[in-house]
Every structure is written in structure tokens, then in C-alpha cells.
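Step one of this worksheet: look at the structure below.
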Amino acid sequence: MEILVKQGDITEERVDAIVNAANSSLMGGGGVDGAIHRKGGPKILEECRKIREREPYKNGLPTGEAVHTSGGNLPCRYVIHAVGPVWQGGSAGEAQSLRNAYLNSLKLAESLGAKSVAFPNISTGAFGYPKDEAAKIAIQAARDYAHSPTRIERVVFVCFDEENLRLYRQLLSASSPKDDAR
Ligand code: AR6
């Protein structure tokens, strides 16, 4: 599994699955969530509503978990809606929740047969997670996932802002996977 970074708008990615930085309501919002629903069209929201109608999601999607819809009008086949944590200072389990959001998205992508998956920088916008810490967790989660056999061939971190792009580039070039093993 290759791990790549690029700058851009995730709604334009030609991959099997893009991940949405959603909130537990699954009813849309601002940031990347807003862009995905705007460009993907009403079908995605309709599918989200259906997910919310059934258990165990009647009260919303818990933090760290992921579900999927179609890609609607987007070039991707699936949108994986994952909920990252709201930053509360770091002692409320945010790191584990963020890691779970990445790992659960990868597992779901794999179960859908996706070979290529694009991620935004989950939780680093409205949810306020410090970008450097979030980038380390995201990259480590992808590397840990790649340690086990997987049919996912490509993971792309799509950075929207310069700061995230710089952090991801630095982290992906500065350390080999082995150096990162903890
Ligand atoms: N493509 C890729 N990345 C983007 C795009 C885009 N089109 N637009 C923004 N980003 P955020 P969160 C980056 O706030 O922090 C929403 O209202 C942005 O620069 O989208 O997980 C949801 O409904 C940032 O680095 O998500 C939730 O309520 C990253 O995406 C809440 O915000 C994440 O920023 C989720 O907050």
C-alpha cells in the first residue's frame, strides 16, 4: 500500500473512495463535509438519512466510527463518512478516537473492495485538533494498517491548506516506516 500526499480539493479525487470529515449527525455541515454534499448532490444526504433511520445509528454515528454512501455526482465510487474527535485539550481520548476514525475508514474501504482511498485532514478544521499531532496520528494509522496484508493499493492524504501539506510532506519523507515503529 503506497501512502501519498498532495494538495487539492478531495471532491475532485479520482479514487474508489473518499473519506468525509463528518459529524455524528451525518446531516452535512461546513468545511470538507459541506463541499462533498454540495458537489456530490442530494443523493448522498438521502443515503445518510437512511443510515440514521436504522440501528445502531438512530442517535448518530459515534466518534471514531465510519459508514459509507455512494459518491453521488462525485468521481469517486464511495464516500466514507467518518467522525473525528472535537479537540478538548488532549486528555479526553482524542488521539485514540482520531486513530480509530482513520483505521475504521480503511477497514470499511477494504470491505467495499476499494483499491484507492483519499483522506482529508480529519478534525483539523472546525474540530480544532492541532495539525501536527493529527498528521502524525493519520500517517501512523495508515502505516500500521499497511503492516497487515491489504488489497488497498493507494492511500492519498489530500491536504487543503499549506500547513497540513508541509507537515505531511515532512513526516512522510523524514522517517521510514521502520523508524516510526513504536
Ligand atoms: N478538500 C480537502 N480538504 C478540505 C476541503 C476540501 N474540499 N475543505 C476543507 N478541507 P473540517 P473537521 C480541510 O472543518 O475539523 C464540518 O462542519 C480543512 O482545511 O472540514 O473534522 C462537519 O460537518 C481541514 O484541514 O472538518 C463537522 O461538523 C480539514 O479539511 C466538522 O466540520 C478538516 O476540516 C468537522 O470538523
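The values are calculated or read from the model by the stated rules, or taken from the named source; none is laboratory data. As the structure is a computational prediction, the values presented were derived from the model and not from experiment. Please note: Cβ atoms are built from the backbone with ideal geometry, for glycine as well, and neighbour counts cover all protein chains shown. Just so you know, the surface numbers come from the protein's heavy atoms only, side chains and all, with ligands and any DNA or RNA stripped out. Shrake-Rupley method; radii C 1.70, N 1.55, O 1.52, S 1.80 Å.
Among the listed residues Ile122, Ile152, which satisfies the condition of being within 12 Å of the ligand (Cβ to nearest atom), aliphatic (A, V, I, L, M) and under 17 Å from His68 (Cβ atoms)? Let's see the steps before the verdict.
Values: Ile152 fails: within 12 Å of the ligand (Cβ to nearest atom).
Criteria check complete, one pass: Ile122.
So that you can scan it fast, the table gives a plain yes or no per residue for (1) open to solvent by 20 Å² or more (accessible area, probe 1.4 Å); (2) closer than 30 Å to Glu153 by Cβ; (3) not in a loop (DSSP other than H, G, I, E, B):
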{"site": "Val5", "(1), (2), (3)": "yes, yes, yes"}
{"site": "Val19", "(1), (2), (3)": "no, yes, yes"}
{"site": "Gly29", "(1), (2), (3)": "yes, no, no"}
{"site": "Ala35", "(1), (2), (3)": "no, yes, yes"}
{"site": "Arg38", "(1), (2), (3)": "yes, yes, yes"}
{"site": "Lys43", "(1), (2), (3)": "yes, yes, yes"}
{"site": "Glu47", "(1), (2), (3)": "yes, yes, yes"}
{"site": "Arg52", "(1), (2), (3)": "yes, no, yes"}
{"site": "Leu61", "(1), (2), (3)": "no, yes, no"}
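Being within 13 Å of the ligand (Cβ to nearest atom) and over 17 Å from the mean Cα position of the chain (by Cα) is the filter here; which residues of the range 15-58 pass it?
Hits for the range 15-58 are Arg38, Lys39, Leu45.
Read through the list (1) more than 18 Å from Val156 (Cβ to Cβ); (2) within 13 Å of the chain's Cα centre (by Cα), then give the number of the only condition that Ile10 fails.
Unmet for Ile10, out of (1) more than 18 Å from Val156 (Cβ to Cβ); (2) within 13 Å of the chain's Cα centre (by Cα): (1).
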